[in-house]
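*Asks:* Below is one structure. I have some questions about it.
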Amino acid sequence: MPNTSSHPPQDDPRRDDPRRNSRGRERSAARFRAGDRPRTSQAPSERRKRTDPARMVAFDVLREVDESDAYANLVLPPLLRERQIRGRDAGFATELTYGTLRLRGRYDAILATLVDRPLPGLDPALLDVLRLGAHQVLGMRVPVHAAVSETVGLARNRVGAGPAQMVNAVLRRVSERPLDEWLSVLTKEAPDALAGLAATESHPMWIARAMREALAGNGRDVDEIGALLAADNVPPRVTLVARPGLVDVSDEAAWGDAELVGGRWASTALRLEGSDPAGIPAIREGLAGVQDEGSQLVTLALAGAPLDGRDERWLDLCAGPGGKAALLAALAAQRGATLVANEVAPHRARLVANALAAIPEGVVEEVRTGDGRDVGADEPGAYDRVLVDAPCTGLGALRRRPESRWRRTPSDLAELTGLQRELLASALDAVRPGGVVAYVTCSPHLAETQLVVSDVLKKRDDVERLDTAAAVRSVVSASGAGEEIPLSDRDDVQLWPHVHGTDAMHLTLLRKRA
Ligand SMILES: C[S@@+](CC[C@H](N)C(=O)[O-])C[C@H]1O[C@@H](n2cnc3c(N)ncnc32)[C@H](O)[C@@H]1O
């Protein structure tokens, strides 16, 4: 058995999508059932003998992701429970599933050199088996003979005897070179350096291009692109937020047996070593949560941004599922302010209410279901601080969602960037003169970040940019972090997984002129 393991991705904001059932499968789509008849003429007893349950479950999740547009991190855990796969087998199945999904682009590029037909023409189930085999051979420490024979067994069981022979032949060719050599082959065969990195680091070309543009647009060296793409392939450690005023890091009873290490940048952040966050008393009681440190930093920066005059009423315009709202509300409680949390999707507004359950009474003025685009016109100048954590492509959080890089398309951008502009404009109308707006995305794409802000500001003369980098630096220095946070020489802030160890969050702080 391999000794590699993987943490399931944290807080996928789409986990509660109403179009999906409890496992994240799209309700209307075709779905796999454990009892579906495999395409083979073998007797069931023979099939069972040949396929190990961990590989079978990984294959079934990959098919769900492909056929039903499901989220792997929602499908896999219940399937493991249902099939009673535990311990090392569950760890193996998890790494096999998520690793194969993340590195699918790399494996497809390798397989394309070995298969005499274009890969899109293959039976998708066969292609998934080949990817699973390639990941065992090149991405996990599975002995080649076990990886090949088990995967051939899986192919025979799930796809058929003929394709199983092809799987055998192709995986043997895959195993003829170590990973390093394969990566050199892909690099050499690529038309240019960026295409080589897109293939070796397993990203669609349009995302690799957008990431490189984002590095350049944020004053970073474009040669960091390899490190940035590589960081998307490393599952993040679980980070917790200790909501200020609700729980203290030193409160042993609140943290149970959890092994915690202080965060790198934010006073509220804790890194969890090993154990399952769901078992921690502070998490169960809503005093703490699972939250990326970048999300904590941008929220703390909004709360700490300098403000003259009244500072009583805060708004989270796009609050679902409520991670930042809960931190904002805890901070508001300490500062004698109140919070209105707005969210357009009713089921996500309910998640916000749950996330805010432990906030002291009187602090949360309202959890509201409504279109954030209307708030500016409905309540002009009503708030002192406003957070716009805009719906976005999520390209800054690819390391958490193994399949999302293959699902997003450039056409998603047009719709999202229009909405982002309207939400930011509404937030600027909703804030009082002198008040502060934070524009946040978990994407570094320039079209969703800098371009949205500059376009909205072009149309108005009542807004000024704040020194966002200074606000973030002061949050970091207040946390007592031993190191200074490296930020570009710009007013806005772009965090990066390969530099800061956070999701690639963007933050621009704006002030409505008094
Ligand atoms: C990036 S998520 C916010 C994450 C949240 N701030 C947190 O930390 O948990 C964006 C949210 O905006 C919501 N949204 C999308 N369109 C909206 C609109 N027109 N008005 C308000 N919320 C909207 C989405 O449903 C989604 O919950």
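The values are calculated or read from the model by the stated rules, or taken from the named source; none is laboratory data. In this text, all values refer to a predicted model and were calculated from it rather than measured experimentally. Virtual Cβ from ideal backbone geometry, glycine too; neighbours counted across all protein chains shown.
*Asks:* Out of all the residues in region 441-454, which are out of contact with any Cys (no Cβ under 7 Å at 6 or more places or on another chain) and within 15 Å of the ligand (Cβ to nearest atom)?
*Replies:* Those that are out of contact with any Cys (no Cβ under 7 Å at 6 or more places or on another chain) and within 15 Å of the ligand (Cβ to nearest atom): Pro444, His445, Thr449, Val452.
*Asks:* Has region 455-473 got any residue that is in a strand (DSSP E or B) and either within 16 Å of the ligand (Cβ to nearest atom) or under 16 Å from Leu317 (Cα atoms) (or both)?
*Replies:* Scanning region 455-473, I find no residue that is in a strand (DSSP E or B) and either within 16 Å of the ligand (Cβ to nearest atom) or under 16 Å from Leu317 (Cα atoms) (or both), so the answer is no.
*Asks:* Among the residues in region 252-261, are any in contact (Cβ under 8 Å) with a residue 60 or more places away in the chain and assigned to a loop (DSSP other than H, G, I, E, B)?
*Replies:* No; the residues of region 252-261 include none that is in contact (Cβ under 8 Å) with a residue 60 or more places away in the chain and assigned to a loop (DSSP other than H, G, I, E, B).
*Asks:* Let me ask something else about it. Please work out which residue is surrounded by the fewest Cβ atoms within 10 Å (Cβ to Cβ), limiting yourself to region 378-432 and to residues that are more than 13 Å from the ligand (Cβ to nearest atom), part of a loop (DSSP other than H, G, I, E, B) and among the aliphatic types (A, V, I, L, M).
*Replies:* Filtering region 378-432 for residues that are more than 13 Å from the ligand (Cβ to nearest atom), part of a loop (DSSP other than H, G, I, E, B) and among the aliphatic types (A, V, I, L, M), the one surrounded by the fewest Cβ atoms within 10 Å (Cβ to Cβ) comes out as Ala382.
*Asks:* In region 458-512, which residues are of a type in the set (Asp, Glu), under 21 Å from Arg237 (Cα atoms) and modelled with pLDDT of 95 or more?
*Replies:* Within region 458-512, just Asp503 meets the criteria.
*Asks:* Same structure again: Sort out for me the helices (runs of 4 or more DSSP H) sitting completely within region 64-157 that have 3 or more residues that are closer than 24 Å to Ala198 by Cα.
*Replies:* Counting at least 3 such residues, we get 87-102, 104-112, 124-134.
*Asks:* Could you tell me whether any residue of region 257-275 is of a type in the set (S, T, N, Q) and within 13 Å of the ligand (Cβ to nearest atom)?
*Replies:* no
*Asks:* Could you please find all residues in region 384-400 being closer than 20 Å to His500 by Cβ and among the charged types (D, E, K, R)?
*Replies:* Selection gives Asp389, Arg399, Arg400.
*Asks:* In region 356-377, what residues are in a loop (DSSP other than H, G, I, E, B), surrounded by fewer than 18 Cβ atoms within 10 Å (Cβ to Cβ) and either within 12 Å of the ligand (Cβ to nearest atom) or polar (S, T, N, Q) (or both)?
*Replies:* Applying the first criterion (in a loop (DSSP other than H, G, I, E, B)) to region 356-377 yields 356-363, 370-371.
Narrowing the set further to residues that are surrounded by fewer than 18 Cβ atoms within 10 Å (Cβ to Cβ) leaves 357, 360-362, 370-371.
Correct list: Gly370, Asp371.
*Asks:* What number of residues within region 339-355 are of a type in the set (A, V, I, L, M) and away from the ligand (no atom under 11 Å from the Cβ)?
*Replies:* Matching residues across region 339-355 total 3.
*Asks:* In region 274-289, how many residues are surrounded by fewer than 20 Cβ atoms within 10 Å (Cβ to Cβ) and within 16 Å of Ala330 (Cβ to Cβ)? Lay out the reasoning, then the answer.
*Replies:* The first filter runs over region 274-289 and keeps only residues surrounded by fewer than 20 Cβ atoms within 10 Å (Cβ to Cβ), leaving 274-279, 281, 284-286.
The next check asks that each one be within 16 Å of Ala330 (Cβ to Cβ); those that pass are 285-286.
So the answer is 2.
*Asks:* Now, a different point. Restricting region 290-338 to residues that are surrounded by fewer than 24 Cβ atoms within 10 Å (Cβ to Cβ) and in a strand (DSSP E or B), which is nearest to the ligand (Cβ to nearest atom)?
*Replies:* Val290
*Asks:* Right, another one. Cβ contacts < 6 Å: first residue of a type in the set (Phe, Trp, Tyr), restricted to region 302-316; second residue away from the ligand (no atom under 16 Å from the Cβ), any location; separation 6+ or different chain. Result?
*Replies:* Trp314/Ala337
*Asks:* Please pick out the residue among Glu224, Glu181 that is among the charged types (D, E, K, R), touching a residue at least 24 places away in the same chain (Cβ under 8 Å) and in a helix (DSSP H, G or I).
*Replies:* None of the other options fit; the residue is Glu224.
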